[in-house]
Every structure is written in C-alpha cells, then in structure tokens.
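Trainee: One structure, as structure tokens, below. Some questions next.
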Amino acid sequence: MSSEKTLILVKPDGVRRSLVGEVISRIERKGYTVTSLRMLQADRALLERHYEEHKGKPFFEPLVEFMMSGPIVAMVAEGNRVIEGFRSLAGVTDPTVAAPGTIRGDLARDQGTKVVQNIVHGSDSPESAAREIEIFFGK
Ligand code: IDP
Ligand code: MG
C-alpha cells in the first residue's frame, strides 16, 4: 500500500477566525489521518525557507509579514494521494474564484490586501512535502 504525506498549514487568518477545527474536520472527514500537529509562531527565517520558491516575487515580503502576523498550525496528513487530495479540498489560490465546497471557496474572500489571505497551505508535490515536513517537524 502506497501512502503519502503532505504538510498543511492553517495560516494566521484561519487561526484568528477560529477555523482550525473546521480545517482539521474537513481533512478527517475526507478520510485522511492527521499524524503530527503543532501550533507555533513562525519567524522570518523559517518562512523564508518554507516559501523559498517565491523569493523575488512582489508578494513575497507581504506573504512573510502576513505569515508572521500571528500563530499558525502545522500538521502532517497522510493517505493515498493526499497531496493532490488536500489541494482539491483547499481550492485554488484566489479565494474569490475558489469553488464553493472548498476551504478557500467557502471560508475566504478578497480582503484587498497585498497578499492573498486564503486560510491554508498544502504542499504541491512529494518533493515539496518532504522538504516542508522537515522544516516544521524535523527529520
Ligand atoms: P498556493 O498556496 O495555492 O500553493 P502559491 O502560488 O504557492 O499558492 O503562493 C503561496 C501563497 O502566496 C498563496 O497561498 C497566497 O497566500 C500568496 N499569493 C500567491 N500568489 C499571489 C499573488 O499573485 N498575489 C498576492 N498573493 C499571492
Ligand atoms: Mg504553493
């Protein structure tokens, strides 16, 4: 049986709005298993590592500032095709057009900010998942 792991974050907007339980509930109801969980206040060094693919983009600094603006919840979820499956649960990046029924489509909207505030992060490939899980949970 080939199981897979992904790194999921509830971003500061999700924590501030008390949506941690809602996000975890959707992951669990879909049938994935949360196998590690922690709440933390991320610092700049950690976030620059986590978002290194976006360095140099216009939203990079607002993204780092936003992600430092309050506590976040990091978790590892496991299951067959969980990377793709969680991205499907989350919906597309822009919450205005994210499909209803998804986390971003149901729970977020454009706030007029420099960075899109969209409740959750999910790894986008097995390589990113391995790299991001190590950043938040170590080897
Ligand atoms: P993803 O979270 O859907 O994988 P990425 O392209 O990896 O999207 O971008 C990381 C995060 O940066 C997004 O979730 C969002 O918060 C923010 N972001 C991405 N693209 C833009 C943009 O064009 N303008 C403002 N913020 C953005
Ligand atoms: Mg991404």
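The values are calculated or read from the model by the stated rules, or taken from the named source; none is laboratory data. All values reported here derive from a predicted model rather than from experimental measurement. Because the Cβ atoms are built from the backbone with ideal geometry, glycine has one as well, and the counts that use them run over all protein chains shown.
Trainee: Considering only residues that are polar (S, T, N, Q) and without any contact (Cβ under 8 Å) to a residue 60 or more places away in the chain, look in segment 112-127 and name the one that is nearest to ligand 2 (Cβ to nearest atom).
Mentor: Result: SER125.
Trainee: Name the pairs whose Cβ atoms lie under 6 Å apart, with the first residue in segment 23-49 and outside any helix (DSSP H, G or I) and modelled with pLDDT of 95 or more, the second surrounded by fewer than 13 Cβ atoms within 10 Å (Cβ to Cβ) and β-branched (Val, Ile, Thr), and 6 or more positions between them or separate chains?
Mentor: none
Trainee: Suppose we filter ALA77, ALA45 for residues that are out of contact with any Leu (no Cβ under 8 Å at 6 or more places or on another chain), surrounded by fewer than 13 Cβ atoms within 10 Å (Cβ to Cβ), closer than 21 Å to PHE136 by Cα and among the aliphatic types (A, V, I, L, M); which single one remains?
Mentor: ALA45
Trainee: Next up: Mind checking whether some residue in segment 89-109 is in contact with a Leu (Cβ under 7 Å, 6 or more places away or on another chain) and within 13 Å of ligand 1 (Cβ to nearest atom)?
Mentor: yes
Trainee: Might you let me know whether segment 21-30 holds any residue that is within 14 Å of ligand 1 (Cβ to nearest atom), within 15 Å of the chain's Cα centre (by Cα), among the basic types (Lys, Arg) and within 22 Å of LYS5 (Cβ to Cβ)?
Mentor: no
Trainee: Return only the number of the condition from (1) assigned to a helix (DSSP H, G or I); (2) under 14 Å from GLU132 (Cβ atoms) that ALA74 does not satisfy.
Mentor: (1)
Trainee: Search segment 51-70 for residues that are within 20 Å of VAL10 (Cβ to Cβ) and pair each with any residue that is more than 12 Å from ligand 2 (Cβ to nearest atom) and hydroxyl-bearing (Ser, Thr, Tyr) when their beta-carbon atoms are under 8 Å apart and the residues are at least 6 apart or on different chains.
Mentor: PRO62/THR113; PHE66/THR113
Trainee: Determine, yes or no, whether ARG87 is among the charged types (D, E, K, R) and within 13 Å of ligand 2 (Cβ to nearest atom).
Mentor: yes
Trainee: With the requirement that a residue be of a type in the set (Gly, Ala, Ser) and in a loop (DSSP other than H, G, I, E, B), what does segment 85-133 give you?
Mentor: Result: GLY91, ALA98, ALA99, GLY101, ALA108, GLY112, SER123, SER125.
Trainee: Further, regarding this structure: Under 7 Å between Cβ atoms, at least 6 apart or on separate chains: pull out the pairs that start in segment 89-107 with a residue that is more than 14 Å from SER25 (Cβ to Cβ) and end on any residue that is polar (S, T, N, Q) and within 14 Å of ligand 2 (Cβ to nearest atom).
Mentor: THR93/ASN118; PRO95/ASN118; ARG104/ASN118
Trainee: Could you tell me whether any residue of segment 97-106 is within 15 Å of ligand 2 (Cβ to nearest atom), loosely packed, with under 12 Cβ neighbours inside 10 Å and farther than 13 Å from GLY14 by Cβ?
Mentor: Scanning segment 97-106, I find no residue that is within 15 Å of ligand 2 (Cβ to nearest atom), loosely packed, with under 12 Cβ neighbours inside 10 Å and farther than 13 Å from GLY14 by Cβ, so the answer is no.
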